[in-house]
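Below you'll find the structure, written out as structure tokens, and then a few comments.
The values are calculated or read from the model by the stated rules, or taken from the named source; none is laboratory data. Keep in mind that this is a model prediction, so the values were computed, not measured. Cβ: placed from backbone, ideal geometry, glycine included. Neighbour counts: every protein chain shown.
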Amino acid sequence: MDPRAPESRKRGPMKRLAWMPPVLVLSVLSVLSLSCVKKLELTKAQARELIESSPAWSAPLAPTILMEPGFVQTPETKREIFRMGDLTFKENGPFGMGGQTATAEFTWRWNASYMVGDKVLSSKARLFNSGEGWKVYDDFLKKQIWAAERGDVE
């Protein structure tokens, strides 16, 4: 071999490739570490607060429920969370790069209307964290609430 040839040519093709895997692994790991979503803690109290502040929570009764002719839903007629159940968590995407999803089980009731009293309903809410804090999937929550009001089991 020519003594003036570059160092990489002197090593031969196999020796040149030997250093590539560690460099490749380090670059992939650095990209993954930068793209991972920051994991935020979610407590039952925080989940309850997020659910109660959701537009789906303050939505009116399910439209398919037939009410007494004189019934009028007033601002005082609202849903109340009776008890928060378990929270389950799931990572989204490989290595949690897509964030986190939490499912909150809870029981609730109306404070007025024909449902007041002993009628306690069960529902689930899905919450997600994409690195900017926890948020509620409003469409899923609304479907769950309305299904519970109709007596549907999902």
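For this structure, a couple of remarks:
- Within the range 120-143, residues that are farther than 22 Å from R109 by Cβ sit with their Cβ atoms under 6 Å from residues that are assigned to a strand (DSSP E or B) and of a type in the set (A, V, I, L, M), at 6+ positions apart or across chains, in these pairs: W134/L127.
- When R109 is tested against (1) assigned to a strand (DSSP E or B); (2) at pLDDT 90 or above; (3) of a type outside the set (S, T, N, Q), exactly one condition is not met: (2).
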